[in-house]
Amino acid sequence: MGLFLIQQSYNQSISLIKNEIRTISTAVTVTPQDKATTALVFSKEASVPISLYLTDGLGTSPILERLSNISEANLSQLVKKSSLRNILDFNNMLVGSVELEGSSRLVILASKDAAIQARVRGFITMTILLFSIFIISALGLRFVVARDIKRERELIKSSEQLRMEADQKRILLEFAGDASHELRTPLTVIKGYFELGKKSPAILSNPETISRLLSESDRMERTITQLLEVFEIESLPTENFEDFDLSNFLKSKLLVFQETNRERELTCHIDESVKLPGNRELFEKILGNLFRNIQSHTRNDDPVHISLTRSKGKIRLSIEDGGPGIGHLEKARLFSRFEKSRSRDTGGSGLGLSIINSASRKLQGVVSLEKSHLGGLSVEIEFKTTD
């Protein structure tokens with residue numbers, strides 16, 4: 001539409017120039033005498049600059065020169081091409097001609113430069129306008145997109161917050177359910193002894209009774225402590241994790257383990273500078289429970305092999321023992337809380353592997369249990385890494 005309007009304005013300007021030439025030609029034609037003076041008067045009153053030239057067989061003479069950009073060569077060509085019938089368009093000039101006395105002719109010249117310049121200015125103005133509209137549209141679109149992105153981020157953040165709150169509630173409910181489930185037995189035992197003591201106070205002074213009450217109290221304390229560990233692990237945020245040097249940490253833990261297990265044959269293979277996003281607390285829970293499980297479920301002289309390797313974007317931590325191992329039917333439920341197959345007879349709570357599994361999942365690790373080549377249990381934790 002802009003191009004059409006600009007072209008329309010240009011065409012109107014050209015029509016105006018042609019009308020001025022026709023007016024002068026008509027006035028000269030109908031004037032019976034002193035045609036040159038008539039042409040001169042009308043040319044000066046014209047709305048556009050007009051030049052007049054008188055031509056005959058001897059040459060061309062100027063009557064009125066209002067166009068300064070005409071060379072002699074161009075003037076000669078314009079005079080030759082001028083026509084008595086039509087207004088010609090040649091070299092940005094409009095040329096008309098009217099017959100005088102004898103062989104003389106009056107050549108009327110008008111320039112199209114003003115119309116052309118107006119059209120160019122129109123194109124430039126339209127280009128600037130279009131560019132401005134584009135910039136304004138781009139900025140508006142950017143604002144809209146930024147607003148939508150901000151709104152989407154807020155929705156995602158709100159959704160994530162709701163999910164985290166739901167997870168926290170789920171964890172809290174699980175914690176309450178697990179605590180009530182596991183603490184019911186020792187509480188029942190303790191309550192039973194006190195009810196007996198109410199009827200027969202001498203029972204409460206019996207060393208065996210006191211020992212049983214202390215045992216059940218210790219069991220409750222261990223259960224609550226480890227339940228809180230699971231709850232803390234599940235609630236731990238991962239945003240503040242930093243690269244943790246697992247190699248050096250594992251070496252320090254092995255020194256302590258070796259000091260307290262001198263009768264064992266301990267072998268290990270640890271790659272240097274193995275780092276993972278995490279924190280000391282989580283790795284402490286994993287390794288602490290792994291070593292406690294070995295001490296609780298194997299003989300004092302059963303061998304142990306530990307390895308930490310990094311290859312092809314994966315980090316593997318493997319701890320194997322030469323203990324009794326586990327049955328195939330037990331593997332599916334060993335990670336469940338309060339698993340009784342390897343805990344009650346050794347005074348445990350059945351939460352060790354559950355804590356290891358929870359902490360490993362928090363570190364984006366996967367725990368698997370297999371039969372060790374030493375004859376017992378092999379616990380392998382595989383972590384993915386970006387390097």
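The values are calculated or read from the model by the stated rules, or taken from the named source; none is laboratory data. This structure is a prediction, so every number in the text was calculated from the model and none was measured. Reconstructed Cβ throughout: ideal geometry from the backbone, glycine too, with neighbour counts over all protein chains shown. Quick note on the areas: whole protein, heavy atoms, side chains included, nothing else; ligands and nucleic acids left out. Shrake-Rupley method; radii C 1.70, N 1.55, O 1.52, S 1.80 Å.
Numbers at a glance
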| item | result |
| --- | --- |
| Estimated D of segment 195-275 in µm² per second, where Rh is the Kirkwood radius over Cα pairs and Stokes-Einstein applies at 20 °C, 1.002 mPa s | 121 µm²/s |
| Per-peptide average of other Cβ atoms within 10 Å, ordering 14-25, 204-215, 106-117 highest first | 106-117, 14-25, 204-215 |
| Highest to lowest packing among 138-144, 365-371, scored as the average C-beta count within 10 Å | 365-371, 138-144 |
| Length gained when the stretch Q8-L162 is fully extended (0.36 nm per residue, less Cα-Cα span) | 49.1 nm |
| Cα gyration tensor shape of segment 24-146, rounded if a/c is under 1.5, else prolate or oblate by comparing a/b with b/c | prolate |
| 1.4 Å probe accessible area per residue over the chain, in Å² | 61 Å² |
| For segment 305-318, 3J(HN,Hα) per residue [Karplus equation, 6.51 cos²θ - 1.76 cosθ + 1.60, θ = phi - 60°, Hz, x = Gly/Pro] | 10, 10, 9, 9, 10, 10, 6, 6, x, 9, 10, 10, 10, 10 |
| Added length on full extension, which subtracts the Cα-Cα distance from 0.36 nm per residue, R262 to K384 | 40.5 nm |
| Mean Cα-pair separation over length for the chain, i.e. relative contact order, pairs under 8 Å, 6 or more apart, % | 10 percent |
| Equivalent ellipsoid semi-axes, segment 1-49, via Cα gyration tensor eigenvalues times 5, rooted, Å | 31, 9, 4 |
| Anisotropy class of the chain from Cα gyration tensor, a/c 1.5 cut | prolate |
| Potential lengthening between S273 and E195 on full extension [0.36 nm per residue; Cα-Cα distance subtracted] | 22.2 nm |
